[in-house]
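FYI, it's all coordinate maths here, none of it is from the lab. Computed from a predicted structure; not experimentally measured. Virtual Cβ from ideal backbone geometry, glycine too; neighbours counted across all protein chains shown.
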Amino acid sequence: MERSEAVKLCMCRQCPTYIDCREEISFCMAVPSKSTCIKKEAGCLCPGCPVQEQEGFMHVYYCIRGNEQEQR
């Protein structure tokens with residue numbers, strides 16, 4: 001999946017952990033992957049996200065912990 005398509009399907013903006021600091025969303029596919037402003041885990045919507053499902057990703061909190069490859 002192209003990153004631009006992932007951004008369109010992404011649920012990051014609805015996530016309780018998300019803080020809008022004008023970063024591009026879809027952290028699971030991002031390089032660099034971690035947010036520079038999100039620091040505290042407050043709930044995660046990654047399980048059930050269409051991007052995660054379509055890509056077969058297994059991890060969570062990509063915005064804090066890093067993209068799928070970094071968490072493997």
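Between Ser4 and Ala42, the simple label model (points 7 Å from Cα in the Cβ direction) yields a spacing of 3.2 nm.
Helix-only arithmetic for the chain: the sum of -39500 (n - 2.57) across DSSP H runs with n ≥ 4, divided by the residue total, places the mean residue ellipticity at 222 nm at -6000 deg cm²/dmol.
Electrostatic bookkeeping for Lys8 treats Lys and Arg as +1 and Asp and Glu as -1; over the other residues with beta carbon under 15 Å from its beta carbon, the sum is -3.
Can you pull out the GluC sites (Glu not before Pro) in the range 7-72 whose DSSP state is coil and whose Cβ has at most 14 other Cβ atoms within 10 Å?
On the way: sites: Glu23, Glu24, Glu41, Glu53, Glu55, Glu68, Glu70; in loops: Glu23, Glu24, Glu41.
Taking the range 7-72 and a limit of 14 other Cβ atoms within 10 Å, the loop GluC sites (Glu not before Pro) found are Glu24, Glu41.
Would you kindly state how much longer the chain becomes between Gln54 and Gln71 on full extension, computed as 0.36 nm times their sequence separation minus their alpha carbon distance, in nm to one decimal?
4.3 nm
Here the range 3-71 is assigned +1 on the Cβ of each Lys and Arg and -1 on the Cβ of each Asp and Glu. Its dipole about the Cα centre then comes out at about 240 debye. Semi-axes of the equivalent ellipsoid for the chain, computed as √(5λ) from the eigenvalues of its C-alpha gyration tensor and ordered from largest down, come to 16, 13, 12 Å. Sparse packing (at most 16 other Cβ atoms within 10 Å of the Cβ) combined with a DSSP loop state is found for the following trypsin sites (Lys or Arg not before Pro) in the range 1-40: Arg22, Lys39, Lys40. Each Lys or Arg adds one and each Asp or Glu takes one away; over the other residues whose Cβ falls under 14 Å from the Cβ of Ile38, this sums to +2.
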